[in-house]
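Written out below as structure tokens is the structure these notes cover.
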Amino acid sequence: MNNRIIIFESTLRDGEQTPGATLNAQEKLEIARQLARLNVDVIEAGFPISSPGELKAVRRIAKEVKGPVIAALARTVQEDIDCAWDAVKDAEKPRIHVFLAASDIHMEKKLRKDPQTCLLEAVQAVKYARSLTADVEYSLEDATRAREDYIYQVVEAVIDAGATVVNIPDTVGYAVPAEYGALIRRIMQNVPNAYKALFSVHCHNDLGLAVINSLEAVKNGAVQVECNINGIGERAGNAALEEIILATKIRADHYPYETGINTKEIYRTSRLVSKLTGIPIPVNKAVIGLNAFAHSSGIHQDGVLKDKRTYEIINAELIGAQAAQMILTARSGRHALRNQLEIMNYTLNDDEFADFYHRFIELADRKKEVYREDLEALLIDISYADPIYELDYLHTVGGTRTIPAAVVVLRRGGESLEAVSSGTGPIDAAYKAADMITTLKTELSSFNIRAVTQGIDALGEVSITLNHEDRNIIGRGISTDIIEASVKAYLDGINKLLNLQANSNNNK
Ligand code: KIV
Ligand code: ZN
């Protein structure tokens, strides 16, 4: 198929560079498994040299996730490349992805190196990476602000050195569509050995042009698109995978490209990434925002009721968003619940199902009607941290003309630890009481709360960011009681922090 494009997914690398997004190894593995279900071609699993935890996480993904190519990022230094190779060598299909700046401003100001030194480094790095594996990608960082004659030189040299994929990133989101497409075309036409490599594009969204720039590049000969779920990534993010895929589906007349993506997994992947990174999906986000299929004006509602196609160009089922409309209650029973999970594409083994059923009943007792979104929130409400502290008891007092206070009892091993505190509100009081028990000094830098569904009895989902020394940790919790959800999120963050500390002590 000559119009098949390769989807290179970088949520676990560039996506994780989103301010505030930190994932632990288990969370990264969970996302990687879901990306494999989505059927992306390449998963960029991380930048292994950046920390021992990152190295371990990429190693696990490489060992356990089958199907896609597993790539790891490296600078042009041997230590990075060795580390990247160590991380991905057990993958079914490993790739080393090497990058170095190509623009004068990056080389001069950031690296303080001259272009010829950089060129030499690039060639040596690619040769070295090729001595380890047959699949080597080379990225010319900040290519869209580089001199074109230098781009040609580097591209030719790295292909000669053995690069199998050459990436022309718009690192700072500076390019505009026609210009970027033309650049890709000229590189492929003017570099004599260009036919020996595949060309890739990697667009950032600083001007909101990442998706259209990527599509324009494909029109002009690029065959690999680097993109991220929900468009997350450094600064304003990267091209959003779901938008690129839907453009090729809905406007195939304009973008006649095939991908391997199983579009029915888009919705689930998007929710999972948002939940685990703690980065909410804007309600008006194209393709997967909460409002993408909602109609509010009377004229629109009237039109949609008569025929959906009047105002909807995307069928929600295409992205797996509406497969399950059945409402469950505490009386629905195991069979209905299993059936619903199957419709939603979740396969649980018997033990997992028994545990899930128990949690479902607990929820259904509190909340009369359980929707698909509730089930999804429950399914994803797994803490990927060893539960060092667990919430045993919580009692809070709040309201007007009273001093907010909280009694918190936590379990640690067999011990029961209790603290009482006042605060500016019941959540603050509960957090202070928890701090008295854990004695950890953290700072809360963000607090987000969202109702999973509509209605007064909706599940509340809390996502927080805790700062501790130079670490940012995301904690999540859900409950029909938002104070309980807030405390669960706090403990999730504290547990992750303690897990990280334990891991780094073990690595010393
Ligand atoms: O934006 C960029 O240039 C990158 C490279 C490492 C590919 O993320
Ligand atoms: Zn990038």
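The values are calculated or read from the model by the stated rules, or taken from the named source; none is laboratory data. Not measured: the values here are computed from a predicted model. Glycine gets a Cβ as well: all are built from the backbone with ideal geometry, and neighbour counts include every protein chain shown. Surface accessibility is based on the protein's heavy atoms, side chains included, excluding ligands, DNA and RNA. Shrake-Rupley method; radii C 1.70, N 1.55, O 1.52, S 1.80 Å.
Counting only alpha carbon atoms, the long axis of helix 426-438 and the longest principal axis of the chain meet at about 80°.
Considering only the Cα atoms of region 325-380, their convex hull presents on average a projected area of 3.3 nm². Straight-distance candidates among the lysines for linking to Lys127, with alpha-carbon spacing under 22 Å and chain neighbours fewer than 8 residues away dropped: Lys89, Lys93, Lys113, Lys196.
Ignoring ligands, DNA and RNA, what percent of the accessible area of region 6-277 is carbon or sulfur (1.4 Å)?
On the way: 4990 of 9540 Å².
Reported share for carbon and sulfur atoms: 52 percent.
Relative to the longest principal axis of the Cα atoms of the chain, the long axis of helix 78-88 makes an angle of roughly 60 degrees.
With a 1.4 Å probe and every protein chain kept in, tell me what percent of the accessible surface of region 429-508 is carbon plus sulfur.
Numbers: 1820 of 3650 Å².
The computed percentage sits at 50.
For the residue pairs Lys28/Lys63; Lys264/Lys308; Lys367/Lys432; Lys441/Lys488, the alpha carbons lie more than 21 Å apart in Lys367/Lys432. For His300, the accessible area of its heavy atoms, probed at 1.4 Å with every protein chain present, is near 70 square angstrom. Among the aspartates and glutamates, which fall within straight-line cross-link reach of Lys496, defined as a Cα-Cα distance under 17 Å, with same-chain neighbours fewer than 8 residues apart omitted? Partners within reach: Glu16, Glu27, Glu30, Glu54, Asp381, Asp386, Glu390, Asp435, Glu443, Glu469, Asp470. Each residue was assigned an accessible area with a 1.4 Å probe, and for Glu352 the value is about 90 Å². Checking the cross-link filter: which aspartates and glutamates have an alpha carbon closer than 19 Å to that of Lys249, excluding same-chain neighbours under 8 positions apart? Reachable aspartates and glutamates: Glu9, Asp41, Glu216, Glu226, Glu258, Glu265, Glu312, Glu317. Figure note: His335, His254 ranked by solvent-accessible area, largest first, 1.4 Å probe, ligands and nucleic acids not counted: His335, His254.
What is the percent carbon and sulfur in the accessible area of region 325-380, measuring with a 1.4 Å probe over the protein chains and ignoring ligands? All intermediate terms of the calculation are to be shown ahead of the outcome.
On the way: 1460 of 3150 Å².
On region 325-380, the fraction of accessible area on carbon and sulfur atoms equals 46 percent.
Its residue count N fixes a reference of 2.2 N^0.38 Å for the chain, and the Cα radius of gyration divided by that reference is 1.05.
Quick one: compute a quarter of the convex hull surface over the Cα atoms of region 6-277 and quote it in nm².
Working: hull surface 50.2 nm².
Averaged projected hull area, Cα only: 12.5 nm².
Other residues with beta-carbon under 13 Å from the beta-carbon of Asp350 carry, at +1 per Lys or Arg and -1 per Asp or Glu, a net charge of -1.
Estimated at 0.36 nm per residue, the fully extended path between Gln189 and Arg412 surpasses their Cα-Cα distance by 73.8 nm.
Take the chain with all the other protein chains still there, run a 1.4 Å probe, and you get 45 Å² of accessible area per residue.
Taking the Kirkwood radius as the inverse of the mean 1/r across Cα pairs, report the Rg/Rh of region 236-278. That ratio is 1.04, to two decimals.
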